[in-house]
Amino acid sequence: MFTVAVAVLAVGGGYRLWQNLTHDQAVEALIFENTQLRQAIANLTEETQIGYAKVLRQDLQNGVLTTRLLFVETDPKDISRRVFEKEFEIEGDIVHFDALIVKFSTPMVMEGQEKALYLWRRVYGETTRPEDGLAIHTPYSEPARYRAISEKLSLRQREQFWNEIWDLANDPHKLESMGIKAIFGNVVYKRLRPGLIYIFKINPAGGISLEMIPEL
């Protein structure tokens, strides 16, 4: 049934057919039919450094150790350029960073290699429940560092695509039939100290790690 739908979309009358598709069918058609979108996914780099965090202040407040930190995401093509930054105040000095990793399997990627993107979800301290953590990105928003993907879609398609990707955090099996699988709850944590830069790195499999260097 899906093959027929794609063929009709390709030859015309696509907009009317799109309106008649169910929500999940429409997303499936979007991903498989939009060649530019698939190419943008294929162009995801095997990134190393993706951002960093540093302590702005660490002191006792009402007898409780508190860490104020700056969280930064960098441009995938220029790590010296910030595309997102936000400050957080965390109770304690052990800080957890929680990301959603979305892996596109080989059939989804035009060059025949798996690719992964990530969405930062929340940050929280050692004594805070994960569900009470502070949101890093606004859920269902378009990440600035993936603008190359968004640019391949119309405004309506863009909203639909990112809504579906974010929904994987709640239903990781939702898009498995399309060659997409999500590893959610990928958490890295570290005891943070002033005077150090904590660099976030991601490997080709989507695993995130932290590396420390002295602040210059």
task: Please give the number of the condition Asn170 fails out of (1) touching a Phe, Trp or Tyr at 6+ places or on another chain (Cβ under 9 Å); (2) modelled with pLDDT under 85; (3) in a strand (DSSP E or B); (4) not aromatic (Phe, Trp, Tyr).
output: (3)
- prompt: When Glu164 is evaluated against the numbered criteria (1) of a type in the set (Asp, Glu); (2) in contact (Cβ under 8 Å) with a residue 60 or more places away in the chain; (3) out of contact with any helix residue (DSSP H, G or I) (no Cβ under 7 Å at 6 or more places or on another chain), which criterion, by number, is the only one it fails?
  reply: (3)
message: Looking at the structure I just gave you, is Thr48 modelled with pLDDT under 95, surrounded by 13 or more Cβ atoms within 10 Å (Cβ to Cβ) and under 19 Å from the mean Cα position of the chain (by Cα)?
response: yes
Filtered residues of segment 88-112 (kept if among the β-branched types (Val, Ile, Thr), surrounded by 18 or more Cβ atoms within 10 Å (Cβ to Cβ) and modelled with pLDDT of 95 or more): Ile90, Val95
- prompt: Can you name the residue in segment 51-64 that is loosely packed, with under 14 Cβ neighbours inside 10 Å and not acidic (Asp, Glu) and, of all such residues, is nearest to Leu119 (Cα to Cα)?
  reply: Leu56
task: Can you confirm whether segment 17-33 contains a residue that is modelled with pLDDT of 75 or more, surrounded by fewer than 16 Cβ atoms within 10 Å (Cβ to Cβ) and under 28 Å from Ala144 (Cα atoms)?
output: no
task: Specify the residue that is nearest to Asp93 (Cα to Cα); the eligible residues are those in segment 115-132 that are in contact (Cβ under 8 Å) with a residue 12 or more places away in the chain and surrounded by fewer than 19 Cβ atoms within 10 Å (Cβ to Cβ).
output: Glu126
query: Is it the case that some residue within segment 198-210 is touching a residue at least 12 places away in the same chain (Cβ under 8 Å), in a strand (DSSP E or B), surrounded by fewer than 17 Cβ atoms within 10 Å (Cβ to Cβ) and among the aliphatic types (A, V, I, L, M)?
result: yes
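The values are calculated or read from the model by the stated rules, or taken from the named source; none is laboratory data. Here the structure is a predicted model, which means the values were calculated and not measured. Note: ideal-geometry Cβ built from the backbone for every residue, glycine included; neighbour counts use all protein chains shown.
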